[in-house]
């Protein structure tokens, strides 16, 4: 049991290291643009390029590594992030920096999808979703800590210090995994052809569409939350970071709650979640300028957003239980496509009105469509005579 606890903790830390590397760059894009004499949109390729590679590699890379011994897979993925992390510290040109981001992105879905699968299979009977929820804490912590820490280091020390932070975190997790993780034989898996065959199932595609829409709704709004807080809610600049920190903490609490709810009340949780987010968004749209209401709704949304990531992973993994690594790869791909869709649609509504709070309309639209796909998932299956 101790080995399992070690393993679960290291998987969570590994996911944190990878998400920290992915998302932390958001906090230093202006510094990168200035350092390498490129425009801010060009610097943004470090984010969009990474997300695009994850979306493309999500269904394929986990499939290719699904038959490899697990510890070796962990070390290959973490090793790639570690080596490329150190390259980024000393990168002399923007092109090399971009390559040091693109290459490890191929291994993002390999590690993260494997972490979800290993967390589920190493858990006691009936506890699998709780274990997966713990790994999701690494996702939330990576999103929560990476951006403010990298921004702080770049502001008060240097851009290299921020990249050094990413490299050191990956190095430490790589060494810990090398020493503490025992060999983990690959589970019995279907052939590559049979794993790909799950794409013929209608429930898999319904789950994929739901994940794209739900993730688009939540992260589409999150992409503009800082601008929302400053322009709509008139939050002072020195309070925005604290507000976002609190939002992230409640997101982590949502992860913990998700493990319990999905273990016992999976279908009701899936059905109620988008409705709860929808009503919270409507409240934010009309009352977001009133601070007590704003903070209450951000607490609720923080918890719901933490639930959402777990629900998304659960829907796809349950639709293809016989191909867990491939299913988790599909989840990561769908989630990243959702980010692109959500950010684009929310940005469109902002652009049409020049009002930041119109991003909420885009999120609500995506949620309404997501509810439709959830209803399709729950419809009774036709019985054959």
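The values are calculated or read from the model by the stated rules, or taken from the named source; none is laboratory data. Note that the structure is predicted; figures quoted are calculated from it, not measured. Virtual Cβ from ideal backbone geometry, glycine too; neighbours counted across all protein chains shown.
Out of 42, 95, 73, 82, which single residue is in contact (Cβ under 8 Å) with a residue 24 or more places away in the chain, surrounded by fewer than 17 Cβ atoms within 10 Å (Cβ to Cβ) and either closer than 19 Å to residue 328 by Cβ or more than 17 Å from the chain's Cα centre (by Cα) (or both)? Break it down into steps so the answer makes sense when it comes.
On the way: 95 fails: in contact (Cβ under 8 Å) with a residue 24 or more places away in the chain; 73 fails: surrounded by fewer than 17 Cβ atoms within 10 Å (Cβ to Cβ); 82 fails: surrounded by fewer than 17 Cβ atoms within 10 Å (Cβ to Cβ).
The match here is 42.
Check whether at least one residue in region 6-26 is outside the structural domain of residue 328 (by TED's automatic domain parsing), over 30 Å from residue 128 (Cα atoms) and assigned to a helix (DSSP H, G or I), and report yes or no. So far as region 6-26 goes, yes, one or more of its residues are outside the structural domain of residue 328 (by TED's automatic domain parsing), over 30 Å from residue 128 (Cα atoms) and assigned to a helix (DSSP H, G or I).
Listed by position, the helices (runs of 4 or more DSSP H) inside region 159-250 whose residues that are under 19 Å from the mean Cα position of the chain (by Cα), farther than 30 Å from residue 378 by Cβ and in the same structural domain as residue 78 (by TED's automatic domain parsing) number at least 2 are 159-180. Every condition in (1) under 17 Å from the mean Cα position of the chain (by Cα); (2) crowded, with 17+ Cβ neighbours inside 10 Å; (3) modelled with pLDDT under 85; (4) closer than 23 Å to residue 169 by Cα holds for residue 54 except the one numbered (3). Remark: residue 32 falls outside the filter, which requires a residue to be surrounded by fewer than 20 Cβ atoms within 10 Å (Cβ to Cβ) and either in a helix (DSSP H, G or I) or in the same structural domain as residue 119 (by TED's automatic domain parsing) (or both). Here is a check on your reading of the model: is residue 274 under 20 Å from residue 211 (Cα atoms) and assigned by TED's automatic domain parsing to the domain that holds residue 356? So residue 274 passes the test. Note on region 62-99: residues that are at pLDDT below 90, part of a helix (DSSP H, G or I) and touching a helix residue (DSSP H, G or I) at 6+ places or on another chain (Cβ under 6 Å) amount to 3. For residue 121, indicate whether it is crowded, with 20+ Cβ neighbours inside 10 Å and either touching a helix residue (DSSP H, G or I) at 6+ places or on another chain (Cβ under 6 Å) or not in a loop (DSSP other than H, G, I, E, B) (or both). For residue 121, the condition - crowded, with 20+ Cβ neighbours inside 10 Å and either touching a helix residue (DSSP H, G or I) at 6+ places or on another chain (Cβ under 6 Å) or not in a loop (DSSP other than H, G, I, E, B) (or both) - is not met. Restricting attention to region 213-221, does a residue exist that is surrounded by 15 or more Cβ atoms within 10 Å (Cβ to Cβ) and without any contact (Cβ under 8 Å) to a residue 40 or more places away in the chain? For region 213-221, residues surrounded by 15 or more Cβ atoms within 10 Å (Cβ to Cβ) and without any contact (Cβ under 8 Å) to a residue 40 or more places away in the chain: absent.
Residues that are surrounded by fewer than 24 Cβ atoms within 10 Å (Cβ to Cβ) and either touching a helix residue (DSSP H, G or I) at 6+ places or on another chain (Cβ under 6 Å) or outside any helix (DSSP H, G or I) (or both) within region 326-356 comprise 337, 339, 341, 343, 345, 349, 350, 354, 355, 356, listed in sequence order. Checking each residue in region 164-189 for being exposed (fewer than 15 other Cβ atoms within 10 Å of the Cβ) and more than 16 Å from residue 72 (Cα to Cα) picks out 172, 188. Look at (1) over 25 Å from residue 119 (Cβ atoms); (2) assigned to a helix (DSSP H, G or I); (3) modelled with pLDDT under 90 and you find that residue 38 fails only one, number (2).
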